[in-house]
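The values are calculated or read from the model by the stated rules, or taken from the named source; none is laboratory data. If you're wondering where the values come from, they're calculated on a predicted model, not measured in any experiment. A quick note on method: Cβ atoms are made from the backbone with ideal geometry, for glycine too, and the neighbour counts reach across all protein chains shown. What goes into the accessible areas is simple: the full protein's heavy atoms, side chains included, and nothing from ligands, DNA or RNA. Shrake-Rupley method; radii C 1.70, N 1.55, O 1.52, S 1.80 Å.
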Amino acid sequence: MNAYPPLQLLAAFLAVLAFASFALSVVLVFRTSGDAGRMLDLLKIGALGTAVIEVWAILQPGAGIGWNGVLGCVGLGGAWLLFLWTAAVNRRRRLSLAFSPDLPSFLMRNGPYRFLRHPFYFSYLFAYGSAALAAWHPLPLGAVVVMWLVYWAAASREERKFASSGLRAEYAEYRKSTWSGVPGVGVFAQEPKT
C-alpha cells in the first residue's frame, strides 16, 4: 500500500476544511428569507458535487505533489481565511442565503467588503480553483466552470436586488470603488437609476 505524500494530504485536508466550512455556513452564517427556489438547490448540489470531485481528484496518484500542490494549498488556505474574515464581519447582521427573494435592508462595507462586493462567492470560487490546481486533473475544471456560472447568477441577482432596493443610490456609489469578486458580474449591467 502506497502512502500519500504530505503535500497531497495537506491539499486534501485544506479542501475538506474549506468545503465543510462553506457547508456549515448555510446554517451558522446565513439566514433564510423566503423560498430561494431551485437555484439554491442547484447551488447546494453543485457545491457538494464539486467538493467530492475535487477531493477525489486531489487524492489520485501524483496529484498535489508538485508546484501545483504548493500553489493549491496556498490558495485553499487563503480562500478559507477570506471566508472566515467575511463570516466574522457578518456575525451581527446575517446576510440572506443566495437566491433569496428578499431585498437588502443594509449595505455591508466593512472588512473584505471594502474591496469586494461578493467576498463569500470570491472565497468559494478561489477555493474551487485552488483545489482544481492542486488536483491537476481535468474533471475539477468542469466543476469549477459550473460553480462559476451558479455564483455568477447569484451575484448578478444580488446586484439587481440592490438596484431595486432603497439602497440603490448608495450601492451605485459603492460599485464604483469595489470589484464584484465574481468575474463577469456587472459586465452587461446598466447603472441603476437613482
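Exactly one residue out of SER156, SER130 is among the small types (Gly, Ala, Ser) and out of contact with any helix residue (DSSP H, G or I) (no Cβ under 8 Å at 6 or more places or on another chain), and it is SER156.
Of all residues assigned to the range 120-133, none qualifies as being open to solvent by 30 Å² or more (accessible area, probe 1.4 Å) and assigned to a loop (DSSP other than H, G, I, E, B). Restricting attention to the range 2-12 and to residues that are over 11 Å from LEU59 (Cβ atoms) and not in a loop (DSSP other than H, G, I, E, B), the residue that is least open to solvent (accessible area, probe 1.4 Å) turns out to be LEU7. The residue that is farthest from GLU158 (Cα to Cα), among those in the range 81-106 that are of a type in the set (A, V, I, L, M) and open to solvent by 30 Å² or more (accessible area, probe 1.4 Å), is LEU81.
Filter the range 29-45 down to the residues that are out of contact with any strand residue (DSSP E or B) (no Cβ under 9 Å at 6 or more places or on another chain) and either among the aromatic types (Phe, Trp, Tyr) or without any contact (Cβ under 8 Å) to a residue 40 or more places away in the chain (or both) and list them by number. Within the range 29-45, ARG38, ASP41, LYS44, ILE45 qualify.
Being of a type outside the set (Gly, Ala, Ser) and either at pLDDT 95 or above or under 12 Å from the mean Cα position of the chain (by Cα) (or both) holds for only one residue in PHE120, PHE99, and it is PHE120.
State which residue is farthest from PRO101 (Cα to Cα) when the search covers only the range 163-178 and only residues that are among the hydroxyl-bearing types (Ser, Thr, Tyr) and either under 23 Å from the mean Cα position of the chain (by Cα) or open to solvent by 60 Å² or more (accessible area, probe 1.4 Å) (or both).
The qualifying residue farthest from PRO101 (Cα to Cα) is SER177.
For the range 138-157, the criterion of being of a type in the set (D, E, K, R) and buried (at least 18 other Cβ atoms within 10 Å of the Cβ) is met by no residue.
I'd like the residue in the range 53-72 that is part of a helix (DSSP H, G or I) and of a type in the set (A, V, I, L, M) and, out of all such residues, is surrounded by the fewest Cβ atoms within 10 Å (Cβ to Cβ). The residue in question is LEU71. Candidates are the residues of the range 13-46 that are open to solvent by less than 90 Å² (accessible area, probe 1.4 Å) and part of a loop (DSSP other than H, G, I, E, B); the one that is farthest from PHE120 (Cα to Cα) is GLY34. Remark: pairs (first residue in the range 97-117, free of Cβ contacts under 8 Å to residues at least 24 places away in the same chain; second residue open to solvent by 20 Å² or more (accessible area, probe 1.4 Å) and not in a loop (DSSP other than H, G, I, E, B); Cβ separation under 7 Å; 6+ apart in sequence or on different chains) = MET108/VAL89; ASN110/VAL89.
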